[in-house]
1. If you scan region 270-299, which residues turn out to be in contact with a helix residue (DSSP H, G or I) (Cβ under 9 Å, 6 or more places away or on another chain) and of a type in the set (A, V, I, L, M, F, W, C)?
2. All but one of (1) surrounded by 22 or more Cβ atoms within 10 Å (Cβ to Cβ); (2) charged (D, E, K, R); (3) within 16 Å of the ligand (Cβ to nearest atom) hold for Arg293; state the number of the condition that does not hold.
3. Can you tell me which residue in region 416-446 is modelled with the highest pLDDT, limited to those that are more than 16 Å from the ligand (Cβ to nearest atom) and surrounded by fewer than 21 Cβ atoms within 10 Å (Cβ to Cβ)?
4. For residues that are assigned to a loop (DSSP other than H, G, I, E, B) and over 20 Å from Phe432 (Cα atoms), scanning just region 178-191, find the one that is farthest from the ligand (Cβ to nearest atom).
5. Considering only region 178-197, state which residues are in contact with a strand residue (DSSP E or B) (Cβ under 9 Å, 6 or more places away or on another chain), surrounded by 14 or more Cβ atoms within 10 Å (Cβ to Cβ) and of a type outside the set (Asp, Glu).
6. Restricting the search to region 396-452, which residues are in contact (Cβ under 8 Å) with a residue 12 or more places away in the chain and either in contact with a Lys or Arg (Cβ under 7 Å, 6 or more places away or on another chain) or among the hydroxyl-bearing types (Ser, Thr, Tyr) (or both)?
7. Taking Ile413 as meeting all but one of (1) within 16 Å of the ligand (Cβ to nearest atom); (2) within 26 Å of Ala356 (Cα to Cα); (3) over 17 Å from the mean Cα position of the chain (by Cα), write down the number of the exception.
8. Evaluate region 192-201: report whether one residue or more is modelled with pLDDT of 95 or more and either within 19 Å of Asn292 (Cα to Cα) or more than 13 Å from the ligand (Cβ to nearest atom) (or both).
Amino acid sequence: MKTTEQFLSNLRNLGVNLRTEGNELRCQAPKGALTSDLRTELAERKSEILSFLQKAASCKQGASFQDSAGILQYSEDQQEFRERLRTFLKKEVTPCADQWEKEGIVPKSVWKKMGQEGFLCTGVSSEYGGLGGDFRYSVIVAEEMSRTNHTGLALTLHSDIVVPYIEDYASEELKRKYLPGCVSGEIVTAVAITEPGAGSDIFGISTSADEQGETVIINGSKTLISNGINADLVVLAAQNPYAEEKSLSLSLYLVEAGTPGFEKGDRLKKMGMHSQDTAELFFSDCRIPKANRLGEKGAGFCMLMEKLQQERLTCVITAVAMAERILETTLAHLKQEVPVSGGSLSNSQAVRFAIAEMATEIRLGRAFLEKLVIDHAEKRNVVTEISMAKYWTAEMAKRVADRCLDIFGNTGILEECPIVRTWRDVRAIPIFAGTSEIMKNIIAESILSFKS
Ligand SMILES: Cc1cc2nc3c(=O)[nH]c(=O)nc-3n(C[C@H](O)[C@H](O)[C@H](O)COP(=O)(O)OP(=O)(O)OC[C@H]3O[C@@H](n4cnc5c(N)ncnc54)[C@H](O)[C@@H]3O)c2cc1C
């Protein structure tokens, strides 16, 4: 049976509008939209729908900019998971963030602790040690991580971006070999696509994978690889040097750290995300078994495209959560009644309007995000909408960070300012996982081809 949320979403798609009036359920539907089966189901599930809508409405009435928009609902298990994770992060992660920012990396021991607590790879099936949870668990992890004031412990990258390639495309043997370690935190993963000459244009990839018999020989280099230093296992995109058709030239391979011919470069010094170990990777006659290929030879481009929807959605979650946190911190600052000429800062019309505008934008971002999470969890193709959300929320978070920093005045440029780290960190969101310009290209392409 469909969940309440799925059932309501189906009705919405048919143009059916349901609302509550006291304890009554009111329904407006276009002619012919409600079949007799749907009418029966609606009548049978009336009390369940009523309570769902009432709960969502009460959530909306008292809403502040940082509450759920009331679109996405969490089960009791998920709420308990969030509480447990929040408590763990407060104790084990947030207090270490400053130190990790200085060191430019997080210790691997914390990955293992997260794994022991069941916070890694929540989507991986229980067969391989995971929770087998739906995408809401990933949303919870991404949101709670954004409260830790650092980005080094890249759980979302590991659990929701890299590991899904293994779970969905690796052979059974590779899954049994690697997935339990990914879940326990023994294995930290990275995905290596970008090269010095190939970022937005992945067909510019020149790292070669020459399949000879049962061996693959890899040559080339990658740059800006997150978890680059800590990674034990890398999903590598490389091209077949003999391929004639570009779209069939890319394949994905699993390469273990320590394989002869695979070297990690130094940690790259970045303007933000300091605790994130971003590095170059070098491959020189690096030999791996052909069995380490994910999926069919030449299917790399399709696999990358298929997984980008989830990757970009995780960026949207992070962008919205970071914007919320920045505004929340700025409001706490304003509540201290910062004196300025003519009264307190929070009474200044310029500041009040800025706060109102930012809260509105964040709310819009959250509502869009929650809708997309539901669509994604229900396996709809929402590539265009996620591209819209990726570019808009990334730019929105950047705007919010900038305006809030101004509100802090001269404190805003001091390292001790509580939002300065996030101000730096949000700057990368419009760049990774597809730049804002590339998102706009996807949106325009989709809209224009739809019209013609
Ligand atoms: C913090 C961080 C972490 C990262 N982690 C990883 C990782 O783990 N793995 C990985 O593989 N990569 C990673 N990347 C790389 C990231 O995915 C690339 O930076 C991104 O794809 C953009 O590529 P580029 O930097 O080569 O820019 P380019 O593609 O060279 O683009 C330069 C500029 O030109 C614009 N542009 C390019 N093409 C077009 C076009 N067709 N139309 C209009 N404008 C265009 C871009 O929008 C941009 O403004 C990371 C990047 C950052 C910043």
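The values are calculated or read from the model by the stated rules, or taken from the named source; none is laboratory data. Please read these numbers as outputs of a predicted model, since none were measured by experiment. In this analysis, Cβ positions are derived from the backbone assuming ideal geometry, glycine residues included, and neighbour counts consider all displayed protein chains.
1. If the condition is that a residue be in contact with a helix residue (DSSP H, G or I) (Cβ under 9 Å, 6 or more places away or on another chain) and of a type in the set (A, V, I, L, M, F, W, C), then Met271, Met273, Ala291, Leu294, Ala299 are the ones that fit.
2. (3)
3. Among residues in region 416-446 that are more than 16 Å from the ligand (Cβ to nearest atom) and surrounded by fewer than 21 Cβ atoms within 10 Å (Cβ to Cβ), the one modelled with the highest pLDDT is Val420.
4. Glu186
5. Matches in region 178-197: Tyr178, Gly181, Cys182, Ile187, Val188, Thr189, Ala190, Val191, Ala192, Ile193, Thr194.
6. Lys398, Thr422, Val426, Arg427, Pro430, Ala433, Gly434, Thr435, Ser436, Met439, Ser446
7. Here Ile413 meets the rest and fails (1).
8. Scanning region 192-201 turns up at least one residue that is modelled with pLDDT of 95 or more and either within 19 Å of Asn292 (Cα to Cα) or more than 13 Å from the ligand (Cβ to nearest atom) (or both).
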